[in-house]
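Engineer: Got a structure for you, written out below as structure tokens; questions coming shortly.
Every read-out reported here was derived from the displayed coordinates using simple, explicitly stated rules and does not represent laboratory data. All values reported here derive from a predicted model rather than from experimental measurement. For neighbour counting, all protein chains shown are included, and Cβ atoms are generated from backbone atoms with ideal geometry for every residue, glycine included.
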């Protein structure tokens with residue numbers, strides 16, 4: 001993506017401090033006099049991921065944050081085709097989503113539609129899968145467990161599916177048969193994202 005900007009600027013400030021699993025709201029300012037679209041994140045941690053996605057969830061840009069502290073980078077967002085897009089900052093426990101649209105080489109961010117959601121947690125303890133998720137918006141979620149007995153199959157067997165709807169807090173424990181050796185893959189789909197974890201018995 002080119003770094004030259006044709007028109008407009010957006011200063012995006014994302015506060016990364018979490019308090020009881022909640023982040024402070026982002027502060028947006030627009031300045032049309034500077035010819036750079038700058039993304040400024042006041043606090044990031046090494047290992048977090050910043051991506052730009054289109055309306056269909058296709059990743060157009062992906063960057064792993066290399067240093068803890070302040071992050072600043074210029075983007076030529078006007079080079080994108082007309083349409084709706086999202087910045088996403090993937091943090092330890094949540095993903096912050098900042099929507100914007102491009103029309104006739106003009107970029108507009110929508111502060112009122114900024115959102116975040118908490119990532120599901122998948123932990124392994126012996127033969128048990130401990131799963132939890134908090135959704136303040138009661139978003140639907142689907143969990144699938146796949147099994148592969150020879151650990152090399154490209155088409156593992158779907159052995160369990162669990163669906164949740166209109167549920168704020170999910171806490172489940174799934175016990176696997178200790179005698180059924182092989183590789184298990186847990187896949188969770190929610191809010192247009194997929195999360196997975198693999199375990200071997």
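Engineer: Which of 169, 186 comes first, and how do the rest follow, when ranked by fewest Cβ neighbours within 10 Å?
Structural biologist: So the ranking, lowest neighbour count to highest, is 169, 186.
Engineer: Sticking with this one: Going by how many other beta carbons lie within 10 Å of each one, how would you line up 62, 53, fewest first? Working shown, then result.
Structural biologist: Details: 62 12, 53 19.
Least crowded to most crowded, the residues run 62, 53.
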